[in-house]
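**Q** Sharing a structure, written as structure tokens. Questions coming.
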Amino acid sequence: MENKFIIGVVVEHDHGEIKPVTYEILNAASGLSGLVIAYYFSEIQDIDTKKLIDNGANEVKVFTNPTFGEYFHETYAAGLLVEIQKSQPDMVLLSSSNNGKELSAEIATRMQVGLATDCVDLQIDDNGDVLVKRPIFSGKAFALCKLKGTKPYFITLRPNVFRDEKLENTRSGIVKKDQITLPNVPQFVDNLVREVGADLDITEARIIVSGGLGMQNPENFKLLEDLAGVLGAAVAASRPVVDNGWQEYTRQVGQTGRTVSPDLYIACGISGAVQHLAGMSSSRCIVAINSDPHAPIFSIADYGIVGDTLKIVPLLTQEFKNILGC
Ligand SMILES: Cc1cc2nc3c(=O)[nH]c(=O)nc-3n(C[C@H](O)[C@H](O)[C@H](O)COP(=O)(O)OP(=O)(O)OC[C@H]3O[C@@H](n4cnc5c(N)ncnc54)[C@H](O)[C@@H]3O)c2cc1C
């Protein structure tokens, strides 16, 4: 099955800074015995492609166009469509980030091909069939899907799940740079306002400190910010916290918020409703702090602390400071 499949990987980056999830996707792709092509859309040609090759790309195709400085689905979709027609990949892998989900949905719809989102496993079986595992029923179960029909298959992979860290500095690969002329693309957004000092994206964070209504008021979230600062973590929240305006929607975890899979999820004053669990139950280690010993969150927690989170979080912060020497 050597090089039977052509696997396209869309590089996600923020002004040239490649997002860690791209390396995870390359790791996943390189385990599939195919030709892995990384598609990099950029406004400049001079970019560092070595790490993409070290992480599993056999080829890096850099496409430049003045419009690629900022991600807009209209221009990226137009560019990706042009390239897909040229390189005819069997599958195209993207991140299950907001951009990845938007871009994959748009192109899959336009090409009338299938899309599997938020996958947590990806394999090619002995018959050459592509198998993916993805959550269903708000994460309460997983479906193992065999992809059939017209190619390419579009697949988005959940961040933080495919981390293999098998970096090989000795790998070699081909880099091709090409200016791309886009068809006349109607662009509906002509000005993007960036949030200055935006926090660590919760979908990419390896540690998350998350607060629920048990935090009592918005001011108490400072306790979580302090703990997150010591651990290099992101702060997240349950939905009512966001509905109350205590935290931004970008921090909401759950069925109607983000899905996260960090190494460590510390749930503070969160009851553990199914809609919240839908967004965080695939975390590798869950620590729950709740004053109610019967809170449902304890049923999925690896470690549980029964007590007042407003007292326990500062103790944890101090203890981690001592251990980490900061
Ligand atoms: C269609 C739909 C979609 C939804 N989507 C989401 C979603 O995406 N994300 C989400 O989170 N929810 C979602 N919800 C809401 C969900 O059902 C719950 O209402 C919500 O998750 C509860 O949030 P909470 O745990 O912060 O609050 P609560 O359920 O009120 O729990 C607060 C917890 O804090 C504990 N507590 C109180 N004081 C302290 C203290 N001092 N120290 C320690 N513990 C304390 C209490 O024992 C309690 O367990 C959705 C609901 C619906 C119907």
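The values are calculated or read from the model by the stated rules, or taken from the named source; none is laboratory data. Here the structure is a predicted model, which means the values were calculated and not measured. Using ideal geometry, Cβ is built from the backbone for each residue, glycine included, and neighbour counts are taken over all protein chains shown.
**Q** Can you name the residue in segment 237-289 that is free of Cβ contacts under 8 Å to residues at least 40 places away in the same chain, part of a strand (DSSP E or B) and under 20 Å from the mean Cα position of the chain (by Cα) and is also farthest from the ligand (Cβ to nearest atom) among such residues?
**A** In this case the residue turns out to be 285.
**Q** Which number in (1) more than 14 Å from the ligand (Cβ to nearest atom); (2) more than 25 Å from residue 159 (Cβ to Cβ) marks the one condition that residue 201 misses?
**A** For residue 201, the exception is condition (2).
**Q** Could you list all residues from segment 92-139 that are touching a residue at least 60 places away in the same chain (Cβ under 8 Å), under 14 Å from the mean Cα position of the chain (by Cα) and assigned to a strand (DSSP E or B)?
**A** 93, 94, 95, 118 - these are the residues of segment 92-139 that are touching a residue at least 60 places away in the same chain (Cβ under 8 Å), under 14 Å from the mean Cα position of the chain (by Cα) and assigned to a strand (DSSP E or B).
**Q** Examine segment 68-90 for a residue that is in the same structural domain as residue 160 (by TED's automatic domain parsing), within 22 Å of the chain's Cα centre (by Cα) and part of a strand (DSSP E or B), and state whether such a residue exists.
**A** No; the residues of segment 68-90 include none that is in the same structural domain as residue 160 (by TED's automatic domain parsing), within 22 Å of the chain's Cα centre (by Cα) and part of a strand (DSSP E or B).
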